[in-house]
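Below is one structure, written out as structure tokens, with a few remarks after it.
The numbers here are math on the coordinates, done by the rules we state, and not lab data. Because the structure is a prediction, the values reported are computed rather than measured. Neighbour counts run over all protein chains shown; Cβ positions are idealised from the backbone, glycine included.
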Amino acid sequence: MNKRVQIRTAVRQQRQQLSNEEQRQASMRLKEHLISHKKIINAQRIALYLANDSELDTMSFIHWCWQQGKEVYLPVLHPFCLGHLLFLRYEKNTSMAENMFGILEPKLDVTKVCPLAELDIICAPLVAFDNTGARLGMGGGFYDRSLAHWQQTKLYPIGLAHDCQLVECIPIESWDIPLPEIITPSKSYLFPELCQLES
Ligand SMILES: Nc1ncnc2c1ncn2[C@@H]1O[C@H](COP(=O)(O)OP(=O)(O)O)[C@@H](O)[C@H]1O
Ligand SMILES: [Mg+2]
């Protein structure tokens, strides 16, 4: 586990050193990649996240989704299932509240929840990734749980990260769910072998 903690600390530090201008450019480049992505163009329901801890900013892409009439969803900590996420509709006028990690999320409203299997795309934040698609998050395992059975649904996960979040090798654990695609401002990493169901 120690190596995972070391990677989290080192990469988060690097990410926090990006200037506002670098963040702005990264966000614009990300948007350019996403708006020309076939799966995104065809998607109706897209789960995103609001940037925290210097994560790659998705806000300009969210505005594009709204303009296109796509439905945007954000993760919300499940009120009683510890470690699980719900995905709630996010619109311009959605009331927001800070969760226990200080991250803004839509106020809980069951009528706004979208079941995982009905989402087309989940854009997952991450702390670090490697060139096999392995993903390291903040350490809560939230996306490992949400994505555990994605291959049995229409859901397609895409990791979003700054270029500096690529590391040589992530020591993976049995519960870690790798990502079939990771997009950074400068490059798209594809791991199509991860789309096949394990037999
Ligand atoms: N599908 C799951 N079911 C139960 N526990 C899980 C699952 N996925 C992850 N966890 C737990 O969540 C914790 C954090 O997972 P970890 O992979 O370190 O976090 P992250 O993916 O955010 O980096 C671990 O203790 C792990 O046992
Ligand atoms: Mg994990």
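Among His33, His78, rank each residue by its count of other Cβ atoms within 10 Å, from fewest to most, as a rough exposure measure.
His78, His33
What are the trypsin sites (Lys or Arg not before Pro) within the range 66-174 that DSSP puts in a loop, where the Cβ has at most 16 other Cβ atoms within 10 Å?
Working: sites: Lys70, Arg89, Lys92, Lys107, Lys112, Arg135, Arg145, Lys154; in loops: Lys70, Lys92, Lys107, Lys154.
Here the trypsin sites (Lys or Arg not before Pro) that fit, given the DSSP loop and packing criteria, are Lys92, Lys107, Lys154.
Near Trp175, within a Cβ-to-Cβ distance under 9 Å, what is the net charge of the other residues, with Lys and Arg +1 and Asp and Glu -1?
-2
Under 19 Å Cα to Cα from Lys92, which aspartates and glutamates show up? Leave out anything in the same chain fewer than 8 places away.
Reachable aspartates and glutamates: Asp57, Glu71, Glu105, Asp109.
Loop sites only, by DSSP: take the GluC sites (Glu not before Pro) in the chain that have at most 14 other C-beta atoms within 10 Å and name the longest stretch containing none of them.
It works out to 1-90.
Just for the Cα atoms in the range 1-116, what are the lengths along the principal axes, largest first, rounded to whole Å?
40, 38, 24
Which three extents, in whole angstrom, do the alpha-carbon atoms of the range 2-193 cover along their principal axes, largest first?
42, 36, 35
Of all DSSP beta bridges located in the chain, what percent are antiparallel, nearest 5?
Roughly 50 percent of the DSSP beta bridges within the chain come out antiparallel.
Taking amide H positions as placed in the peptide plane 1.01 Å from N, state which residues far from Ile158 in sequence (5 or more) or on other chains have amide H under 5 Å from it.
The answer is Ile122, Cys123, Ala124.
In the range 1-99, which chymotrypsin sites (Phe, Trp or Tyr not before Pro) fall in coil by DSSP and have 15 or fewer other Cβ atoms within 10 Å?
Loop-located and lightly packed - Phe80.
If you average the sequence gap of Cα pairs under 8 Å that are 6 or more apart and divide by the length of the chain, what percent do you get for the contact order?
Numbers: 360 pairs, mean separation 40.5, N = 199.
Across the chain, relative contact order equals 20 percent.
How far, in nm, would the chain grow between Gln67 and Leu18 when pulled straight, counting 0.36 nm per residue and subtracting the alpha carbon separation?
Answer, rounded to one decimal: 14.8 nm.
Per the helix-only calculation at 222 nm, which mean residue ellipticity applies to the chain, given -39500 (n - 2.57) for every DSSP H run of n ≥ 4 and division by its residues, nearest 500 deg cm²/dmol? Working shown, then result.
On the way: 5 runs with 50 residues, N = 199.
Result for the chain: -7500 deg cm²/dmol, rounded to the nearest 500.
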